[in-house]
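A.B. asks: Structure provided below as structure tokens; questions to follow.
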Amino acid sequence: MAEIRCARGDPTLEVEHFDPNWRLPLPGGEPRLSALTALAYFGETTFGSPGFYEPDCDNELAARSPGVQRELAQTNEREAALFEPGRWSFAEYAALREHRAAAIAVALRELRGHQFELVPALTLEAGEHRAYVIQKVRRTSRIATQSVAAYTVIDGVIRRSPDLYALVESRLAKAAYHLGRVVAAADELDLRRRARAGLGGAPAGLAHAPGTELACEDARDELRLDIRTLAQPQEAG
């Protein structure tokens with residue numbers, strides 16, 4: 001059951017949705033909420049809530065269309081079977097999810113109403129933290145859409161962005177920058193450790209260079225701080 005909390009002010013902008021059941025991991029221990037499922041989580045958790053996922057949106061029409069249902073009948077059966085004891089394969093699960101999304105995307109190009117889509121460029125997955133942006137658009141042609149609204153899904157908490165996703169984009173971009181610093185520092189640290197151990201692949205002179213471990217930890221701390229900031233609501237400027 002979705003948990004809904006309403007803050008003061010405009011309820012359309014300040015209502016939050018959260019479903020604790022999605023914190024349960026998949027059978028193989030993988031996070032249930034990921035880029036593969038963020039749009040489905042948004043739709044199931046906010047279904048019919050004013051200002052959020054619309055029951056009559058094009059996504060629902062496409063999923064219920066006879067052509068898509070025929071194409072996905074076997075896909076749905078195979079996915080359900082994966083949750084039976086001893087049948088789990090995350091690779092197959094991911095492939096089935098991607099196939100479903102692709103089939104619906106093809107059908108959506110032929111419709112001309114409101115549609116909801118994940119914005120891949122604004123996806124952030126760092127350890128246990130998850131941040132996604134869902135955009136509501138109006139499709140005007142097979143290749144053109146107009147942005148209507150945007151929503152953040154941060155560690156499972158869904159909020160509507162007050163000014164589409166310009167504010168969200170800047171905040172996620174900052175967090176992604178710190179994530180990149182963590183990766184770069186970790187790579188350099190690995191090279192130094194390999195040099196100390198006398199293994200190949202490390203440039204000369206790196207074995208005893210100081211400060212790399214500290215740089216890596218500093219980058220991680222900045223990322224953790226920025227994710228905490230990202231998860232806090234901000235007033236539109």
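Coordinate-derived values only; no laboratory data. Since we're looking at a predicted model, the values are computed, not measured. Quick reminder, even Gly has a Cβ in these numbers, built from the backbone with ideal geometry, and neighbours come from all protein chains shown.
A.B. asks: In debye, nearest 20, what is the charge dipole magnitude of the stretch 3-160 about its Cα centre with +1 on Lys and Arg Cβ and -1 on Asp and Glu Cβ, if you could check?
C.D. replies: The dipole magnitude comes to about 420 debye.
A.B. asks: When a/c reaches 1.5 or more, the comparison of a/b and b/c decides; with that in mind, is the stretch 1-151 rounded, prolate or oblate per its Cα gyration tensor?
C.D. replies: Oblate, since a/c reaches 1.5 and b/c is not below a/b.
A.B. asks: Each residue of the stretch 78-90 in order: what ³J(HN,Hα) in whole Hz does its phi give by Karplus 6.51 cos²θ - 1.76 cosθ + 1.60, θ = phi - 60°, with x for Gly and Pro?
C.D. replies: 3J(HN,Hα) across the stretch 78-90, in whole Hz: 5, 5, 4, 5, 4, 8, 6, x, x, 10, 5, 9, 5.
A.B. asks: Next question. To the nearest 20 Debye, how big is the dipole of the stretch 42-122 about its Cα centre, given +1 on the beta carbon of each Lys and Arg and -1 on that of each Asp and Glu?
C.D. replies: 160 debye
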